[in-house]
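These notes are about the structure you will find just below.
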Amino acid sequence: MMDASEDELAPEVRSILAAARDRPGGETRVSVDARSFPDAVAAAEAEGRVPLVAEVKPTSPTTEGTRGDDPVELAREMVDGGATALSVLTEPEHFGGSAENLRRVREAVDVPVLRKDFLVSEAQLDAVEADVVLLIARFVGDDLSELLAAARERGFQVLVEVHDRAELARALDAGADIVGVNNRDLAKLDVDLETFESVAPHVPDDVTLLAESGVSTVEDVRRMRAAGADALLVGTAIMDGDVRANTDRFTTAEISE
(Lines give C-alpha, C1' and ligand atoms only; values in the text may rest on other atoms or scores of the structure.)
Protein backbone atom coordinates (compact mmCIF):
# COMPACT_ATOMS: atom_id res chain seq x y z
CA MET A 1 0.00 0.00 0.00
CA MET A 2 1.04 3.61 -0.44
CA ASP A 3 1.56 6.22 2.22
CA ALA A 4 -0.12 9.00 0.26
CA SER A 5 -3.29 9.30 -1.74
CA GLU A 6 -2.86 8.19 -5.32
CA ASP A 7 -4.99 11.16 -6.30
CA GLU A 8 -1.98 13.33 -5.46
CA LEU A 9 0.13 11.65 -8.13
CA ALA A 10 0.43 13.03 -11.64
CA PRO A 11 -1.78 11.15 -14.15
CA GLU A 12 1.30 9.77 -15.89
CA VAL A 13 2.58 8.38 -12.60
CA ARG A 14 -0.80 6.85 -11.70
CA SER A 15 -0.75 5.09 -15.06
CA ILE A 16 2.75 3.75 -14.39
CA LEU A 17 1.69 2.48 -10.98
CA ALA A 18 -1.44 0.80 -12.31
CA ALA A 19 0.59 -0.99 -14.97
CA ALA A 20 3.15 -2.04 -12.37
CA ARG A 21 0.50 -3.68 -10.23
CA ASP A 22 -0.68 -5.75 -13.18
CA ARG A 23 2.79 -6.89 -14.24
CA PRO A 24 3.58 -10.51 -13.35
CA GLY A 25 6.74 -11.67 -11.65
CA GLY A 26 9.23 -14.35 -12.56
CA GLU A 27 8.38 -18.04 -12.54
CA THR A 28 11.37 -19.06 -10.40
CA ARG A 29 13.22 -17.35 -7.58
CA VAL A 30 16.47 -15.72 -8.71
CA SER A 31 19.79 -15.82 -6.89
CA VAL A 32 22.18 -13.01 -7.81
CA ASP A 33 25.93 -12.67 -7.47
CA ALA A 34 25.87 -8.88 -7.49
CA ARG A 35 28.69 -6.58 -8.53
CA SER A 36 29.28 -4.10 -5.71
CA PHE A 37 27.90 -0.66 -6.43
CA PRO A 38 29.57 1.03 -3.42
CA ASP A 39 32.92 -0.46 -4.49
CA ALA A 40 32.41 0.87 -8.02
CA VAL A 41 31.66 4.33 -6.61
CA ALA A 42 34.84 4.20 -4.52
CA ALA A 43 36.89 3.12 -7.54
CA ALA A 44 35.59 6.02 -9.63
CA GLU A 45 36.43 8.44 -6.82
CA ALA A 46 39.94 7.00 -6.61
CA GLU A 47 40.39 7.64 -10.33
CA GLY A 48 39.27 11.25 -9.94
CA ARG A 49 36.03 10.75 -11.86
CA VAL A 50 32.50 11.64 -10.83
CA PRO A 51 30.65 8.39 -10.03
CA LEU A 52 27.89 8.29 -12.63
CA VAL A 53 25.00 5.89 -13.17
CA ALA A 54 24.19 6.34 -16.85
CA GLU A 55 20.68 5.33 -17.84
CA VAL A 56 19.73 3.35 -20.91
CA LYS A 57 16.30 4.90 -21.42
CA PRO A 58 14.65 4.51 -24.83
CA THR A 59 11.81 6.88 -23.91
CA SER A 60 9.75 8.16 -20.96
CA PRO A 61 6.55 10.09 -20.23
CA THR A 62 8.63 13.25 -19.64
CA THR A 63 10.73 13.10 -22.81
CA GLU A 64 9.91 13.52 -26.48
CA GLY A 65 10.42 10.76 -29.01
CA THR A 66 12.08 7.37 -28.77
CA ARG A 67 15.70 6.37 -29.26
CA GLY A 68 15.96 3.09 -31.14
CA ASP A 69 19.66 2.28 -30.77
CA ASP A 70 20.68 -1.19 -29.63
CA PRO A 71 20.73 -0.98 -25.81
CA VAL A 72 23.95 -3.02 -25.69
CA GLU A 73 25.76 -0.57 -27.95
CA LEU A 74 24.50 2.36 -25.88
CA ALA A 75 25.65 0.63 -22.71
CA ARG A 76 29.12 -0.01 -24.10
CA GLU A 77 29.45 3.62 -25.17
CA MET A 78 28.46 4.73 -21.67
CA VAL A 79 31.04 2.46 -20.05
CA ASP A 80 33.68 3.63 -22.53
CA GLY A 81 32.77 7.18 -21.52
CA GLY A 82 33.53 6.37 -17.88
CA ALA A 83 30.16 5.36 -16.40
CA THR A 84 30.52 3.81 -12.95
CA ALA A 85 27.32 1.81 -13.33
CA LEU A 86 24.37 1.54 -15.66
CA SER A 87 20.63 1.84 -15.15
CA VAL A 88 18.50 -0.14 -17.57
CA LEU A 89 14.76 0.41 -17.89
CA THR A 90 12.71 -2.77 -17.79
CA GLU A 91 9.29 -1.06 -17.62
CA PRO A 92 7.71 -1.78 -21.03
CA GLU A 93 4.52 0.26 -21.32
CA HIS A 94 5.77 3.77 -20.58
CA PHE A 95 9.55 3.56 -20.99
CA GLY A 96 10.03 1.04 -23.81
CA GLY A 97 12.17 -1.18 -21.60
CA SER A 98 12.39 -4.94 -21.19
CA ALA A 99 13.96 -7.61 -19.02
CA GLU A 100 15.72 -8.92 -22.13
CA ASN A 101 17.45 -5.57 -22.63
CA LEU A 102 18.80 -5.78 -19.11
CA ARG A 103 19.97 -9.37 -19.57
CA ARG A 104 21.86 -8.46 -22.72
CA VAL A 105 23.41 -5.33 -21.22
CA ARG A 106 24.55 -7.08 -18.04
CA GLU A 107 26.21 -9.81 -20.08
CA ALA A 108 28.03 -7.23 -22.20
CA VAL A 109 29.52 -4.98 -19.48
CA ASP A 110 31.48 -5.47 -16.26
CA VAL A 111 30.03 -2.60 -14.21
CA PRO A 112 27.07 -2.86 -11.81
CA VAL A 113 23.68 -2.71 -13.52
CA LEU A 114 20.59 -1.26 -11.87
CA ARG A 115 17.17 -2.54 -12.83
CA LYS A 116 15.05 0.60 -13.23
CA ASP A 117 11.44 -0.41 -12.83
CA PHE A 118 8.50 0.18 -10.54
CA LEU A 119 8.40 -2.91 -8.36
CA VAL A 120 5.46 -3.36 -6.02
CA SER A 121 5.49 -7.09 -5.21
CA GLU A 122 8.07 -9.67 -4.17
CA ALA A 123 7.41 -11.88 -7.20
CA GLN A 124 8.46 -9.06 -9.52
CA LEU A 125 11.99 -9.28 -8.12
CA ASP A 126 12.31 -12.62 -9.90
CA ALA A 127 11.71 -11.28 -13.41
CA VAL A 128 15.42 -10.79 -14.18
CA GLU A 129 18.83 -10.77 -12.51
CA ALA A 130 20.49 -7.41 -11.87
CA ASP A 131 23.10 -6.09 -9.48
CA VAL A 132 20.84 -3.41 -7.99
CA VAL A 133 17.05 -3.09 -7.89
CA LEU A 134 15.01 0.04 -7.30
CA LEU A 135 12.36 0.40 -4.63
CA ILE A 136 10.45 3.69 -4.65
CA ALA A 137 9.39 4.55 -1.12
CA ARG A 138 6.24 6.34 -2.24
CA PHE A 139 5.13 3.40 -4.40
CA VAL A 140 5.70 0.58 -1.92
CA GLY A 141 4.67 2.38 1.27
CA ASP A 142 4.50 0.10 4.31
CA ASP A 143 5.85 -2.83 2.29
CA LEU A 144 9.31 -1.25 2.03
CA SER A 145 11.00 -3.24 4.79
CA GLU A 146 9.58 -6.53 3.55
CA LEU A 147 10.56 -5.92 -0.08
CA LEU A 148 14.01 -4.69 0.91
CA ALA A 149 14.62 -7.88 2.87
CA ALA A 150 13.26 -10.05 0.06
CA ALA A 151 15.56 -8.38 -2.46
CA ARG A 152 18.61 -8.87 -0.27
CA GLU A 153 17.73 -12.53 0.31
CA ARG A 154 18.08 -12.97 -3.45
CA GLY A 155 21.47 -11.26 -3.49
CA PHE A 156 20.36 -7.90 -4.87
CA GLN A 157 21.67 -4.58 -3.65
CA VAL A 158 18.79 -2.14 -3.22
CA LEU A 159 18.49 1.50 -4.18
CA VAL A 160 15.67 3.05 -2.16
CA GLU A 161 14.32 6.19 -3.80
CA VAL A 162 12.95 9.02 -1.66
CA HIS A 163 11.75 12.55 -2.27
CA ASP A 164 11.57 14.15 1.16
CA ARG A 165 12.78 13.76 4.75
CA ALA A 166 9.78 11.67 5.82
CA GLU A 167 10.47 9.10 3.10
CA LEU A 168 14.16 9.19 3.97
CA ALA A 169 13.34 8.36 7.58
CA ARG A 170 11.29 5.35 6.46
CA ALA A 171 14.08 4.20 4.16
CA LEU A 172 16.66 4.39 6.92
CA ASP A 173 14.35 2.65 9.39
CA ALA A 174 13.97 -0.15 6.85
CA GLY A 175 17.76 -0.52 6.71
CA ALA A 176 18.51 1.11 3.36
CA ASP A 177 22.22 1.59 2.71
CA ILE A 178 21.90 2.98 -0.83
CA VAL A 179 19.51 5.92 -1.11
CA GLY A 180 18.55 8.03 -4.09
CA VAL A 181 16.87 11.41 -3.76
CA ASN A 182 14.61 12.05 -6.73
CA ASN A 183 14.50 15.73 -7.63
CA ARG A 184 11.31 15.08 -9.61
CA ASP A 185 8.07 15.49 -7.69
CA LEU A 186 5.83 12.53 -8.56
CA ALA A 187 2.78 14.64 -7.81
CA LYS A 188 3.52 17.42 -10.30
CA LEU A 189 6.48 16.04 -12.29
CA ASP A 190 8.31 19.29 -11.55
CA VAL A 191 12.08 19.03 -11.10
CA ASP A 192 13.90 21.05 -8.45
CA LEU A 193 17.53 20.40 -7.50
CA GLU A 194 16.86 22.01 -4.13
CA THR A 195 15.03 18.79 -3.23
CA PHE A 196 18.32 16.94 -3.01
CA GLU A 197 19.97 19.81 -1.18
CA SER A 198 17.23 19.76 1.47
CA VAL A 199 17.35 16.00 2.07
CA ALA A 200 21.05 15.20 1.69
CA PRO A 201 22.23 16.73 5.02
CA HIS A 202 20.09 14.19 6.87
CA VAL A 203 21.61 11.12 5.20
CA PRO A 204 24.16 9.24 7.35
CA ASP A 205 27.74 9.16 6.07
CA ASP A 206 27.73 5.37 5.77
CA VAL A 207 24.85 5.45 3.27
CA THR A 208 25.70 5.67 -0.44
CA LEU A 209 23.74 8.68 -1.68
CA LEU A 210 22.58 9.33 -5.25
CA ALA A 211 21.08 12.42 -6.82
CA GLU A 212 18.42 11.51 -9.38
CA SER A 213 16.65 13.56 -12.06
CA GLY A 214 17.26 17.07 -13.30
CA VAL A 215 21.02 16.85 -13.82
CA SER A 216 21.55 18.25 -17.29
CA THR A 217 24.74 20.34 -17.16
CA VAL A 218 28.24 20.15 -15.74
CA GLU A 219 27.20 22.88 -13.32
CA ASP A 220 24.36 20.65 -12.08
CA VAL A 221 26.86 17.85 -11.47
CA ARG A 222 29.07 20.13 -9.41
CA ARG A 223 26.08 21.45 -7.50
CA MET A 224 24.84 17.98 -6.54
CA ARG A 225 28.31 16.82 -5.61
CA ALA A 226 28.82 19.89 -3.42
CA ALA A 227 25.52 19.06 -1.70
CA GLY A 228 26.75 15.57 -0.80
CA ALA A 229 25.96 13.26 -3.73
CA ASP A 230 28.25 10.23 -3.81
CA ALA A 231 26.96 9.48 -7.30
CA LEU A 232 24.49 10.81 -9.85
CA LEU A 233 21.89 9.01 -11.93
CA VAL A 234 21.52 10.69 -15.32
CA GLY A 235 19.31 9.58 -18.18
CA THR A 236 17.95 12.09 -20.67
CA ALA A 237 20.99 14.38 -20.70
CA ILE A 238 23.18 11.44 -21.69
CA MET A 239 20.77 9.81 -24.15
CA ASP A 240 20.25 13.12 -25.97
CA GLY A 241 23.13 13.18 -28.45
CA ASP A 242 26.54 11.48 -28.41
CA VAL A 243 26.22 9.03 -25.53
CA ARG A 244 29.92 8.41 -25.01
CA ALA A 245 30.84 12.10 -25.16
CA ASN A 246 28.01 13.07 -22.83
CA THR A 247 29.03 10.43 -20.31
CA ASP A 248 32.64 11.57 -20.37
CA ARG A 249 31.57 15.19 -19.95
CA PHE A 250 29.68 14.42 -16.75
CA THR A 251 32.25 12.05 -15.26
CA THR A 252 35.01 14.64 -15.73
CA ALA A 253 32.91 17.59 -14.53
CA GLU A 254 35.02 18.18 -11.45
CA ILE A 255 38.27 18.46 -13.38
CA SER A 256 37.00 20.35 -16.43
CA GLU A 257 37.19 24.10 -16.67
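Just to be sure I understand, how many residues within region 194-232 are open to solvent by 30 Å² or more (accessible area, probe 1.4 Å) and part of a helix (DSSP H, G or I)?
10
Tally the residues that are surrounded by fewer than 19 Cβ atoms within 10 Å (Cβ to Cβ), aliphatic (A, V, I, L, M) and not in a helix (DSSP H, G or I), restricting the search to region 233-249.
Of the residues in region 233-249, 0 are surrounded by fewer than 19 Cβ atoms within 10 Å (Cβ to Cβ), aliphatic (A, V, I, L, M) and not in a helix (DSSP H, G or I).
Among (1) closer than 17 Å to Arg29 by Cβ; (2) without any contact (Cβ under 8 Å) to a residue 60 or more places away in the chain, where does Arg165 come up short?
With (1) closer than 17 Å to Arg29 by Cβ; (2) without any contact (Cβ under 8 Å) to a residue 60 or more places away in the chain applied to Arg165, the lone miss is (1).
Sort through Glu100, Glu47, Glu55 and tell me the only one that's of a type in the set (Asp, Glu), out of contact with any helix residue (DSSP H, G or I) (no Cβ under 6 Å at 6 or more places or on another chain), without any contact (Cβ under 8 Å) to a residue 40 or more places away in the chain and within 28 Å of Ser15 (Cβ to Cβ).
Glu100 is the lone residue from the list that is of a type in the set (Asp, Glu), out of contact with any helix residue (DSSP H, G or I) (no Cβ under 6 Å at 6 or more places or on another chain), without any contact (Cβ under 8 Å) to a residue 40 or more places away in the chain and within 28 Å of Ser15 (Cβ to Cβ).
Quick one: count up the residues across region 107-143 that are surrounded by 23 or more Cβ atoms within 10 Å (Cβ to Cβ), among the small types (Gly, Ala, Ser) and in a helix (DSSP H, G or I).
1
Go over the candidates Arg154, Arg165 one by one and state the one that is open to solvent by 20 Å² or more (accessible area, probe 1.4 Å), over 20 Å from Gly235 (Cβ atoms) and of a type in the set (D, E, K, R).
Arg165
Output the residues belonging to region 20-37 that are open to solvent by less than 50 Å² (accessible area, probe 1.4 Å) and either within 30 Å of Ala253 (Cβ to Cβ) or under 19 Å from the mean Cα position of the chain (by Cα) (or both).
Listed by number, the residues that qualify are Ala20, Val32, Ala34, Ser36, Phe37.
Quick one: in region 33-58, which of the residues that are in contact with a strand residue (DSSP E or B) (Cβ under 9 Å, 6 or more places away or on another chain) and assigned to a loop (DSSP other than H, G, I, E, B) is modelled with the lowest pLDDT?
Pro58
The values are calculated or read from the model by the stated rules, or taken from the named source; none is laboratory data. Keep in mind the model is a prediction, meaning the values are calculated, not measured. For neighbour counting, all protein chains shown are included, and Cβ atoms are generated from backbone atoms with ideal geometry for every residue, glycine included. Surface areas here come from the heavy atoms of the whole protein model, side chains and all, with no ligands, DNA or RNA. Shrake-Rupley method; radii C 1.70, N 1.55, O 1.52, S 1.80 Å.
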